[in-house]
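Chemist: The following block contains the structure, expressed as structure tokens.
Derivation of every value follows stated rules applied to the coordinates shown; laboratory data play no part. Keep in mind the model is a prediction, meaning the values are calculated, not measured. Don't worry about glycine lacking a Cβ; one is built from the backbone with ideal geometry, like all the others, and counts go over all protein chains shown.
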Amino acid sequence: MPITPTKKIWMDGHLVDWESANVHVLTHTLHYGTGAFEGIRAYSTPKGVTIFRLREHMERLLRSCKILMIEVPFTLDELCEATAQVVRVNELHDGCYIRPLVYLGYGEMGLSPLSSPVNVAIAAWPWGAYLGDDGLANGVKMKISSWARHSPNAMPTASKTVGGYVNSSLAKVEALKAGYDEAIMLGADGRISECTGENLFIVRDGVLISPPPSEAGALRGITQASVVTIANDLGYEVSFESMRRDDLYLADEAFLTGTAAEVVPIGSVDDRLVGSGKPGPITKAIQSTYFQAVRGELAQYESWLARV
Ligand SMILES: Cc1ncc(COP(=O)(O)O)c(C=O)c1O
């Protein structure tokens, strides 16, 4: 999806003009994928634009960096304030997507990043439905990828490591070229892991089931966690269980969750309709409550929203 430029990008404590937010070609992360990022969304609410679960995202960014042994030269509070500043200064009142990136800069080459400078950038721009408005409303076509999710002993799956996303990108391209909207990736053990940038749930006999993130080698999704809370509040049972592709083919309903994608019904998997192929009632209830929550329409979820 194309990026719409905004005015300023935060780089290492300063607001830089969008066009000038450049890095040197010998930036370490550009060569080796060393670094970590986040994806966050802000939404328009009755109290102005607010950032959804900002602190949790920045905590995860710091955890990603801890795994990579990267010391971020900014505190959690400073990162949260910088993010709010980017939304404010770019006047993104209607909401936006926010991309914080910790990268290793120019100064060292070779595989040890230990003495490379650590840089942080935060950009934001307006971004529509990641899997399209039609997908959001009517469901997406999923393909089980021939690319396995990398094993946690090959690449830490709890960290949003820059280089780790080559694995997701291979699966995404394969799915798009084959005429699908998104890929589902199996772990090295053949069980369902996650999608290229989303977690997934199935509904079976009224119970929501999602693969347990750490066992499945999946990212611990913040949307996934929000959906668990919402589902429980709506009176649905949620269970974390490992699953195989048959469980997807035979599910009553299925949907995926992620900050960029939001809550998206799954219409089919490998050309087999999930349920009737249309978004099911539980998926619709979760999706509509999620959108009400992010848009500040439900008082019980207000603590999830950070003012800018
Ligand atoms: C691989 C992967 N899985 C799952 C997710 C969903 O996580 P979240 O809901 O926190 O955006 C993401 C997005 O960050 C991701 O990149």
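Chemist: Counting only the backbone N, which residues of the range 164-194 are under 14 Å from the spot 7 Å out from the Cα of SER151 toward its beta-carbon?
Modeler: Only 187-191 fall inside the zone, counting backbone N under 14 Å.
Chemist: Provide the descending list of Cα extents for the range 133-294 along its principal axes, expressed in whole angstroms.
Modeler: Principal axes ranked by extent give 39, 30, 27 Å for the Cα atoms.
Chemist: Here is a follow-up. Using a ≥ b ≥ c from the Cα gyration tensor of the range 8-125 (square roots of the eigenvalues), is it rounded, prolate or oblate, where a/c under 1.5 gives rounded and otherwise the larger of a/b and b/c decides, a/b for prolate?
Modeler: prolate
Chemist: Picking from PRO281, PRO117, PRO211, which is most flexible by a Gaussian network model of the chain using Cα springs under 10 Å?
Modeler: Checking each option, the largest mean-square fluctuation is seen for PRO281.
Chemist: Another question about this same structure. Kindly state, to the nearest 0.05, the FRET efficiency for PHE240 paired with ASN22, given R0 = 35 Å and r defined as their beta-carbon distance. Intermediate results must be reported in sequence, preceding the final value.
Modeler: Working: r = 43 Å, r/R0 = 1.22.
Working from the Cβ atoms, E equals 0.25.
Chemist: Same structure again: May I ask for the angle, rounded to the nearest 10°, between helix 165-177 and the longest principal axis of the chain, with both axes built from Cα atoms and the value confined to 0 to 90°?
Modeler: Approximately 50 degrees, to the nearest 10.
Chemist: Can you tell me the Rg and the Dmax, both Å, for the Cα atoms in the chain?
Modeler: 19.2, 56
Chemist: The range 208-308: which GluC sites (Glu not before Pro) are DSSP loop and have at most 11 other beta-carbon atoms within 10 angstrom?
Modeler: Values: sites: GLU215, GLU237, GLU241, GLU253, GLU262, GLU297, GLU302; in loops: GLU237, GLU241, GLU297.
Here the sparse-neighbourhood loop sites are GLU237.
Chemist: Compute the angle between helix 54-68 and the longest alpha-carbon principal axis of the chain, please, reported from 0 to 90 degrees and rounded to the nearest 10.
Modeler: 70
Chemist: Using a 10 Å cut-off around each Cβ, can you sort ILE209, ILE266 from fewest to most neighbouring Cβ atoms?
Modeler: Numbers: ILE209 20, ILE266 30.
Fewest-to-most Cβ neighbours within 10 Å comes out as ILE209, ILE266.
Chemist: In what sequence do LYS172, LYS278 fall when counting other Cβ within 10 Å, fewest first? Each step should come with its number before you reach the end.
Modeler: Details: LYS172 21, LYS278 14.
Going from least to most buried by this count: LYS278, LYS172.
Chemist: Moving on. Which of CYS195, CYS96 has the fewest other C-beta atoms within 10 Å, and how do the rest follow up to the most? Show your work: numbers first, answer last.
Modeler: Numbers: CYS195 28, CYS96 25.
Lowest to highest Cβ neighbour count: CYS96, CYS195.
Chemist: Moving on to the next point. Hey, what do the phi angles of the range 264-269 turn into as Karplus ³J(HN,Hα) couplings, whole Hz, using 6.51/-1.76/1.60 and θ = phi - 60°, x for Gly and Pro?
Modeler: Each residue's phi maps through the Karplus curve to give 10, x, 9, x, 8, 10 Hz.
Chemist: Mind listing the long-range amide H neighbours of GLY95? Cut-off is under 5 Å, sequence gap 5 or more, other chains count too, H placed in the peptide plane at 1.01 Å from N.
Modeler: SER44
Chemist: If the elastic network links every pair of Cα atoms under 10 Å, which of VAL238, VAL203, VAL166 fluctuates the most in the Gaussian network model of the chain?
Modeler: Comparing VAL238, VAL203, VAL166 in a Gaussian network model of the chain, the most mobile one is VAL166.
Chemist: Taking 0.36 nm per residue of separation and subtracting the Cα-Cα distance, what length does fully extending ASP189 through ARG220 add? Kindly include the intermediate steps, with their values, before the conclusion.
Modeler: Working: separation 31, 0.36 × 31 = 11.16 nm, distance 1.87 nm.
Working it through step by step, the gained length comes to 9.3 nm.
Chemist: Most mobile of TRP18, TRP125, TRP147 per a Gaussian network model of the chain (Cα springs, under 10 Å)?
Modeler: Looking only at TRP18, TRP125, TRP147, the biggest GNM fluctuation is shown by TRP18.
Chemist: Something else: Can you check what the net charge comes to around HIS24, using other residues whose Cβ is under 15 Å from the Cβ of HIS24 (Lys, Arg +1; Asp, Glu -1)?
Modeler: Working: positive: none; negative: ASP12, GLU108.
Spelling it out: positives minus negatives among the neighbours equals -2.
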